[in-house]
Structures are given as C-alpha cells and as structure tokens.
Number of protein chains: 4
Amino acid sequence: MAFDYDFELILKVRDYECDMQGVVNNSVYMNYLEHARHEFLQSVGLDFKELLKQNIVAVVARAELSYKNPLQSGDEFVVRLKAEYSAMKYIFYQDIYRLPDNKLCMKTVITVVTLVNGKLAPASEIVNVIERLRELKNEM
Amino acid sequence: MAFDYDFELILKVRDYECDMQGVVNNSVYMNYLEHARHEFLQSVGLDFKELLKQNIVAVVARAELSYKNPLQSGDEFVVRLKAEYSAMKYIFYQDIYRLPDNKLCMKTVITVVTLVNGKLAPASEIVNVIERLRELKNEM
Amino acid sequence: MAFDYDFELILKVRDYECDMQGVVNNSVYMNYLEHARHEFLQSVGLDFKELLKQNIVAVVARAELSYKNPLQSGDEFVVRLKAEYSAMKYIFYQDIYRLPDNKLCMKTVITVVTLVNGKLAPASEIVNVIERLRELKNEM
Amino acid sequence: MAFDYDFELILKVRDYECDMQGVVNNSVYMNYLEHARHEFLQSVGLDFKELLKQNIVAVVARAELSYKNPLQSGDEFVVRLKAEYSAMKYIFYQDIYRLPDNKLCMKTVITVVTLVNGKLAPASEIVNVIERLRELKNEM
C-alpha cells in the first residue's frame, strides 16, 4: 500500500451493478464507498443506525471521485479507507483496488459533516475515534 | 385496455436501469411498480411518507411478476394499476405496457397489507379510497 | 433446513439498501436473488457473462415472492437455493433466512428460461448441471 | 439562473430513492446526473446506446460533487447542465435545484472522456455539438 490506511473492506462485483457498458455503473461506487464507511464505523464500535437514533446524522458534504479503471462482472476488490478530522469535517480518503492484482480503480476524497440534533456540530463519538486512530499511527 | 384500470403513470427507461444484457434489470420493475403505487396514493390524496408518520406502514406481502417483454434503453412505458381490497389485503393489479405500441411487458399482482401502530390491521384511509373507487366503477 | 437446498450464499444488509421505512427495500431482494443465482452458476463452473458471450441469455419469466419478515440494517442473512429443470424451464426455489436465528424472511419461486441465439431453447450447459445435481441428491 | 445553462431536465424524487435518513441517498444523485447527460445528448440528436454500438464509449473520469441541500420524498427538482470541451475532456457543469423554490441542492463538475475503438480519443460527434453550442451562446 502506498498509503497508510485505517480500514479495508473486501467486496465482489455483483452482476446487477453492471450497466449496458458491461462495467460497474458510476453511481454504484458511491454505494461501495458508503458501505465501507459504515463498516469502518462498526469496526470501531459505532453504528450508523444507532447514531441516527441519537439524532447524530452524518451527511456527505462533498465527494471528489477519480475513476481510474472500471470494475467488471466477477471482479473482487478492496475499498481502503483513511480517516481524518479537522474543523468540523471528517475527511475519508477512500481508494478502490481490484484484487488480486491491486490495480487502482478509484481514488476519492469524501468530506462528511455531522448534524447533532439538527445543527452542524462535531459528534464527539466519531471525532474521538478518528483522533485516537491518528495518535496510534503517529506513535508507531 | 383489456382491463378497467384505476390509474396510470407514464415513465421512461433511464440508462442506469439497464444491465449487462442491455435491458432493464429485473429488480428495477419493482421500483417502477412501487413508484406507481405511491403516485396512485398521491392521486387520491394519500401520501406514503405522511402515512408512515401516522404509524401506518404499508408492506408488500406477496408479489407475482410475469415478465413478458423486456424494456430497453430509450423506451417509454406506462404502468397501469387497478386496486381492490378484501379481507385485510390490498390487491394491486399492475401491468406495464411499452409506448407507443402498447406491447405488454409485464403483468403483476402485488398484495399489500398494513401495519397500524405495529399491528396487522386495515388502514381505513386506504380502504375507503379503494372501496369508493370500486363503487364508482360499478355505478358506471 | 426444512428443504434440501443445492447452494447457499451468506450476505449482509448494506445501509444504502434500506429505505425510508428503515428496512431493506422490496426491490433489493430481487438483487439478492439474482446475485445468488449467478453465484450458484459460478459454483458449478458456469459464468453468466461468459454465457452471454456465447449468446445464451438467461431470462426471468416469472417471479413469485412471499415477503415474510423484513431484513434490517446490520442483518446478516443467507439465500438458499434449489434448482430444477422441466420442459424448457429452470425453476429456482430461493429462500432467504436471517442469521444467526434462521428466521424465514422470504420464500420465492423464480422461473427462468433461456434464449439461445435469440430463440427460446434449453441451454444444455445449464440443464446438464441441474440434472446431475438432482441425480446426485436422489442417489443419497 | 446564475449561470447560462444549455439544458435542463425536470424530475421528481421516487420514494425508493430515499434511504433510512428519509432523504435521497447520495449515490442516487449520480443516477440523476447520468440520466440528465444522456437526455442532453438525445436533445442534440445523439444516443448513448447508439454511440456504444459505434464503439464510442463515454466514460466518467472525474466527478466533483458538492451536496448543498438534500432532496426528500415528493420533491420535484431540475437538473441543469452546461457543457464544455477542451483537450480531450468534456466538462459537464451539472447543478440540481429543488422546485418550485429553486433552492440549490447540488453543484457538480463531471469530467467525461471518450474511448473510440478502445482508445482515448475525441468523439467528433459529441465535440461538434458542444462547440456549436458554445459558439451559439457567444454570438448572443
């Protein structure tokens, strides 16, 4: 890995995700990215649905997606993720690599903000997790 | 029309709905059918989201789908709907025809039930609408 | 298992598959079912995309879906499948159970036909696989 | 309009497009944007599927999406589009406004490239259309 990721999720293309061009439709990558973020949250003990119930709503504010190589029917791939927090923004660097050859398929930067009880505010549950991750990596 | 429908909704295939075979993916028809039922409800003054807020949850209990002819990129089509109510079940006969040639693409019977405050029960708002429709048609 | 299935695929609900009601949207089950059929084909050495290239197009002709219990965010589940072939029709009995409690979520019968070079005809590749499966089970 | 758009497409949110948060899921906007681009092509006499048959494959290379305000169940909205061409890249400025209040929901820049017979190359059919549009606007 060129990059020091915090989390990764291995998935496989499903045929219904492919479009007329015979490759995964552009919109489906957003599904992969969202699913990987929610699985990352779960891996650190946070649940998107439970956060919703506590009126903590995580919202994508900005997405920058660079499509490098298309995924196709039958492909296995990995979504790798690194999280940062700064000034009310959670930044997720999420890159997709095809397996087993590790060919880069997509590079993205997803900026998320949280609404706590309807107001833009940091959710300490998420901030703490990300800051601890960053500290742990710096110590190493 | 071979049948005396209560409602119809004209739509157009979107390219992202087509799969590797170059036709609308089987699952997407369920989207068309759901959207047509919700638009039917709106046409008679009922809103799915508002019903949810009143703890009236409409749930599909059974779907019988006969795929006759596939829709393709660029096709316009109409979803036609007839509603009946009997013994706690709302029965929606929903058929899809391609336009402008009216070729039959799909015949379906969708059985819906309602949960009112979490319990299986008829939702009088919906029952009344359907029974009035049936009366009006019988009078004609 | 109440039934003697030929194949099973374990999956997990992804949050983007859930709708306003907070449960997996009805159309998404069709995705699960299709994916399980394609994975079943792969498990017996057949590839949906390769079949397409050989002008063997598998098409759903009929789907009967009984929704028993909704899947929710975070649920793991298994799609179990039994295949039969008779008179130009491939019948897939596909049932979905929530894990780990094995609660039945959905019972379905999916009827598939094949177009070989554009004409309705049996695809011997698929027929042979299913008939061998049935023989093997009968021997036991 | 703050901007001089080339094309617009009016759509309505469908309930199956909304997720657990009760708003349109982030990935669905990519569907809206793709559909608007394909409808724009059709409005100038080009068909995505026909282009594919001629081995002209339009591919999204980059997407920059700024989510401003979420669309909800029942909302009508318009996708507005302005196209530019420069150095092998088709740039689509695509913005989404809720109707009837014209509230800005999303600002995007979508960069598309074309593969002609498998090689990165301009597709003169598309380039000509965009350059004529730009000339026409400049004359005014």
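A few points about this structure:
- Dipole magnitude of the protein assembly as shown, debye to nearest 20 (Cβ charges: Lys/Arg +1, Asp/Glu -1, about Cα centre): 0
- Whole-angstrom Cα spans of the range C:58-139 along principal axes, big to small: 42, 33, 18
- Cut-off 14 Å between beta-carbons: net charge of the residues surrounding D:Asp101, Lys and Arg +1, Asp and Glu -1: +1
- When the alpha carbon coordinates of the range D:98-140 are projected onto the principal axes, the ranges are 44, 29, 13 Å, largest first.
- Cα principal axis extents for the protein assembly as shown, largest first, Å: 60, 58, 53
- For the range C:1-137, fraction of C-alpha pairs farther apart than 18 Å, in %: 55
- The range D:58-136, relative contact order [Cα under 8 Å, separation at least 6], %: 33
- Residue-averaged beta-carbon neighbours from other chains (10 angstrom radius) around D:27-36: 6
- Straight-distance candidates among the lysines for linking to A:Lys119, with alpha-carbon spacing under 21 Å and chain neighbours fewer than 8 residues away dropped: A:Lys49, A:Lys53, A:Lys89, D:Lys68, D:Lys103.
- Counting every other Cβ atom within 10 Å of each residue's Cβ, D:Ile91, D:Ile10, A:Ile126 order from fewest to most as D:Ile10, D:Ile91, A:Ile126.
- Here B:Thr111 yields copy-to-copy label distances, from shortest upward, of 1.8, 5.2, 5.5 nm, the label point defined as 7 Å from Cα along Cα to C-beta.
- All Cα pairs of the range B:1-78, percent lying beyond 22 Å: 36
- A simple charge model with +1 on the Cβ of Lys and Arg, -1 on the Cβ of Asp and Glu and nothing else charged puts the dipole of the range B:14-125 at about 380 debye relative to its Cα centre.
The numbers here are math on the coordinates, done by the rules we state, and not lab data. Everything quoted here is computed from the prediction, not taken from an experiment. Cβ sites come from the backbone with ideal geometry, for glycine too, and all protein chains shown count toward neighbours.
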